[in-house]
1. Looking only at region 68-94, how many residues end up being free of Cβ contacts under 8 Å to residues at least 24 places away in the same chain, small (Gly, Ala, Ser) and outside any loop (DSSP other than H, G, I, E, B)?
2. If you go through region 1-19, how many residues are at pLDDT below 95 and either assigned to a loop (DSSP other than H, G, I, E, B) or charged (D, E, K, R) (or both)?
3. Which residues, counting only those in region 64-94, are aliphatic (A, V, I, L, M), more than 12 Å from the chain's Cα centre (by Cα) and surrounded by 15 or more Cβ atoms within 10 Å (Cβ to Cβ)?
4. In this structure, is Ser50 within 12 Å of the chain's Cα centre (by Cα) and small (Gly, Ala, Ser)?
5. Limited to region 25-51, what total is found for residues that are assigned to a loop (DSSP other than H, G, I, E, B) and under 19 Å from His10 (Cβ atoms)?
6. Among the numbered criteria (1) surrounded by fewer than 17 Cβ atoms within 10 Å (Cβ to Cβ); (2) modelled with pLDDT of 95 or more, which one does Val44 miss?
7. Name every residue in region 12-67 that is aliphatic (A, V, I, L, M) and either free of Cβ contacts under 8 Å to residues at least 12 places away in the same chain or more than 12 Å from Phe2 (Cα to Cα) (or both), in order of residue number.
Amino acid sequence: MFLQSLVYHHDSKQFLNNLEHFVDRADAHGMKVMPVLFDSCFGVSPSLESQHVWVANPGPDRMGREFWPESEKYVREVVSRFADDPWIAFWDVM
C-alpha cells in the first residue's frame, strides 16, 4: 500500500483515520499489508490535486534537508500508530 506524505501533511488526522479504515478492511478479509512510506522512483512531484499519473513520495522538490523534520514526523506518527498491529506484513521505506 503506497502512502503519500503530502496528504498526511495536509490533514494528518484524516490520513491516519483513512489508513486505519483501509487496514481494518484488509484484516476483515484475512489480508496483511505492506505500507510503503516513501517511493521517489519517478520525477513527478505530488500535489493535492487529482493525479492521473504515478507520483513520487516525497517528490524531488521535497527531498532537501529542510524537509527532513516533517518527513521524520510523518514516519514516527504512522509507524507508532500501527507498530503493534497484526495486519502489518512488513514496512517498506524505499
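1. Residues flagged as free of Cβ contacts under 8 Å to residues at least 24 places away in the same chain, small (Gly, Ala, Ser) and outside any loop (DSSP other than H, G, I, E, B) within region 68-94 amount to 1.
2. Of the residues in region 1-19, 3 are at pLDDT below 95 and either assigned to a loop (DSSP other than H, G, I, E, B) or charged (D, E, K, R) (or both).
3. Taking region 64-94 first, the residues aliphatic (A, V, I, L, M) are 75, 78-79, 83, 88-89, 93-94.
Narrowing further to those that are more than 12 Å from the chain's Cα centre (by Cα): 83, 88-89.
Ile88 - this is the single residue of region 64-94 that is aliphatic (A, V, I, L, M), more than 12 Å from the chain's Cα centre (by Cα) and surrounded by 15 or more Cβ atoms within 10 Å (Cβ to Cβ).
4. Numbers: within 12 Å of the chain's Cα centre (by Cα): no; small (Gly, Ala, Ser): yes.
Judged against the criteria, Ser50 is not a match.
5. Here the count works out to 12.
6. It fails just one condition, (2).
7. Passing the criteria: Leu16, Val23, Ala26, Ala28, Met31, Val44, Leu48, Val53, Met63.
The values are calculated or read from the model by the stated rules, or taken from the named source; none is laboratory data. What you are looking at is a predicted structure, and each value in this text was computed from that prediction instead of being measured. Cβ sites come from the backbone with ideal geometry, for glycine too, and all protein chains shown count toward neighbours.
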